[in-house]
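In what follows, a single structure is set out as structure tokens and then discussed.
All of the numbers you see were taken from the coordinates with simple rules; none came from a lab. Bear in mind that the values here come from a model prediction, so they are computed numbers and not experimental data. Every residue, glycine among them, receives a Cβ derived from its backbone with ideal geometry; neighbour counts consider all protein chains shown.
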């Protein structure tokens with residue numbers, strides 16, 4: 001098992017600062033979103049280059065740290081089609097450069113018709129929306145194939161791929177190699193929060209052998225509302241049951257903290273290690 005974290009949740013920027021922080025915390029690597037982790041890399045086409053990616057990758061290799069995933073999340077169904085096209089090009093740039101960074105994967109969620117709010121919209125659950133996602137990621141898979149890399153897809157209740165089966169269907173329709181970022185919390189809303197362990201089981205069986213990494217989150221359950229995310233280890237999820245099932249699925253799983261920041265990070269790392277050793 002490896003413990004990672006989103007680089008921009010560490011509260012520092014720059015390669016050496018990030019590496020120092022994960023050394024201090026006993027973390028194995030990061031999910032890298034460059035335009036959030038570096039002041040000199042903007043969110044724009046052409047901003048990430050082979051040279052910049054190689055410099056990051058070399059430093060991480062020298063430090064024995066990993067970058068299992070590069071994040072270039074974008075909304076493929078955004079109503080501003082020029083913006084969607086621009087974000088597509090940024091994602092494609094990262095597919096071409098991520099291998100130099102030491103990662104073979106670039107990830108995104110599947111977007112929402114609520115544009116920048118990334119929340120539920122009834123149009124998300126239409127065939128038109130799903131086809132747009134499929135067409136977009138299919139073209140990105142072609143870019144990935146040329147670069148020798150791969151697209152990783154993440155579902156979420158408020159997005160087009162709103163449950164496990166919709167994400168599975170999208171990947172089947174794409175019909176090209178992809179990996180899955182599994183975020184259990186993302187699939188929860190006011191209608192299914194009590195069923196989170198069943199959703200975990202569904203995801204593990206549906207995506208057997210296809211899960212690149214797991215996003216580690218915790219939450220408090222709010223009757224009639226979407227669960228409220230809290231730092232890992234401070235909420236109401238049965239973390240022992242979750243980690244026991246993930247360990248049975250893959251003893252070498254990559255567990256990536258997402259949304260846990262500040263003083264809560266060290267405790268989250270301890271919590272994961274303690275539970276993992278006990279299950």
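What list do you get for 212, 197 if you sort them by fewest beta carbons within 10 Å?
197, 212
What percent antiparallel are the DSSP beta bridges of the chain, to the nearest 5?
For the chain, the DSSP antiparallel bridge percentage is about 10.
Over all distinct Cα-Cα pairs of region 1-137, the Kirkwood formula returns a hydrodynamic radius of 15.8 Å. Overall, the anisotropy analysis places region 158-279 in the oblate class: the square-rooted eigenvalues a ≥ b ≥ c of its C-alpha gyration tensor yield a/c not less than 1.5, with a/b not exceeding b/c.
With contacts taken as Cα pairs under 8 Å at a separation of at least 6 residues, region 132-234 carries a relative contact order of 24 percent.
Could you rank the peptides 41-49, 227-235 by their average count of other C-beta atoms within 10 Å per residue, with the highest value first?
Put in order of decreasing packing, that is 227-235, 41-49.
Mean separation of Cα pairs under 8 Å and 6+ residues apart, divided by the residue count of the chain: what relative contact order is that in percent? Relative CO of the chain lands at 17 percent. The percentage of C-alpha pairs in region 1-45 whose separation is greater than 12 Å is 57%. With the largest listed first and rounded to whole Å, the semi-axes of the equivalent ellipsoid of the chain from the Cα gyration tensor are 26, 25, 17. Between residue 16 and residue 194, the contour length at 0.36 nm per residue exceeds the Cα-Cα span by 59.9 nm. Please find, in a Gaussian network model of the chain (springs between Cα atoms separated by less than 10 Å), the residue of 186, 252, 163 whose mean-square fluctuation is greatest. Fluctuation is largest for 252.
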